[in-house]
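**Q** If you scroll down you'll find the structure; I have some questions about it.
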Amino acid sequence: MIVDSPAAVALTGIGRTWGEHVVLRDIDLRLSAGRVVAVLGASGSGKSTLLRLVAGLDRATAGSVTVDGRPVRGIEARCAVMFQEPRLLPWRTVAGNVAYGLPRGTPRGRGRAEVAGLLDVVGLAGFARHRPREVSGGMAQRTALARALARHPDVLLLDEPFAALDALTRLRMQDLVDGVQRRTGTAVLLVTHDVDEALRLADRIVLLGTEPGRPGATVVHTLDVPGERPRDRGAAALAGLRADLLARLGVPPITEDPR
């Protein structure tokens, strides 16, 4: 059982509609300071929309969103977002892209030291002068992570940031994010459709889905993931949770061929 600390993010009675189309309905979600919550659901279930509401990139049509107890009324400076694509500036070096995330007014000397430290954390100390076109996809995503952390965010918002990576690089990025989060204590809201990723990284999993006869996605299941992080991906305790989550997502279990 997770003991909740003060909420870094609280969504209460959230709804989002586009005309007559209901995207989200009656969403209540709490992200405690220093914890990781994964929002899991099928494609089109409103996961990214929910993240955009927290970031202030979109506005709810019902309910309220708060960060550190204060309402979100526009682009939220207390949050940093990492998207599916790195979205690096091609004319800047790796170090220059990370520096772009520094708070405005950061003294030059301190900024250089912070950028160098972040590049070391994400394993890119030797690539500071490279341009985005000169590094791999995984390295570009590590640059994007360092840029997000450069803002010293209270909340890190991850919008399926590893979806475009190959399987091995994805696993390594998961380990990197987990290690950084445990070291910094930053609250993390992760949007993913990957059950294994949610079980690896999250303290709590919130499953979005639809209810029969009612439009729009809502919270249909919440799970506190047992065990402290880092977790062994092959742990037997996670196997049953994985099967249950997949079943709730409508993925049938694999059965032996009767032939």
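Nothing in this text is a laboratory measurement; each read-out follows from the coordinates by a stated rule. A quick note: this is a predicted structure, and the numbers were derived from the prediction, not measured. Note that each Cβ is placed from the backbone with ideal geometry, even for glycine, and that neighbours are counted across all protein chains shown.
**Q** How much length, in nm to one decimal, is gained on full extension between D232 and D28, taken as 0.36 nm per residue of separation minus their Cα-Cα distance?
**A** 70.4 nm
**Q** According to a simple spin-label model (label point 7 Å from Cα along Cα-to-Cβ), what is the distance in nm between L168 and H21?
**A** 4.0 nm
**Q** How do the peptides 47-60, 200-213 rank, highest first, by the average count of neighbouring beta carbon atoms within 10 Å per residue?
**A** Averaged packing, sorted descending, gives the order 47-60, 200-213.
**Q** Let me ask you something else. If exposed means no more than 14 neighbouring beta carbons inside 10 Å and the site is in a DSSP loop, what's the longest run of the chain without any exposed chymotrypsin sites (Phe, Trp or Tyr not before Pro)?
**A** Answer from the scan: 101-259.
**Q** Would you look at the GNM of the chain, springs on alpha carbons closer than 10 Å, and say which of A247, A140, A33 moves the most?
**A** A247
**Q** Using label points projected 7 Å from each Cα along Cα→Cβ, tell me how many nm separate A113 and D175, to one decimal.
**A** Between A113 and D175, the simple spin-label model gives 3.1 nm.
**Q** Counting each pair of different Cα atoms once, what's the Kirkwood radius of the stretch 88-151 in Å, rounded to one decimal?
**A** 11.2 Å
**Q** Give me the compactness ratio for the stretch 1-95, meaning the Cα radius of gyration over 2.2 N^0.38 Å.
**A** So the Cα radius of gyration is 1.20 times the expected 2.2 N^0.38 Å.
**Q** Here is a follow-up. Could you work out the relative contact order of the stretch 88-151? I mean the mean sequence separation of Cα pairs under 8 Å and 6+ apart, divided by the number of residues, in percent.
**A** 54 percent.
**Q** Once the cut-off is 21 Å, how many percent of the Cα-Cα pairs in the chain end up in the long-distance tail?
**A** 60 percent
**Q** How large is the charge dipole for the chain, taken about the Cα centre, if only the Cβ atoms of Lys, Arg (+1) and Asp, Glu (-1) carry charge, to the nearest 20 debye?
**A** Here the chain has a charge dipole of around 1140 debye.
**Q** Between V220 and R129, what length comes free when the chain is fully extended (0.36 nm per residue of separation minus the Cα-Cα distance, one decimal in nm)?
**A** So the extension gain works out to 28.1 nm.
**Q** For the stretch 140-211, what is one quarter of the convex hull surface built on the Cα atoms, given in nm²?
**A** Answer in nm², one decimal: 5.3.
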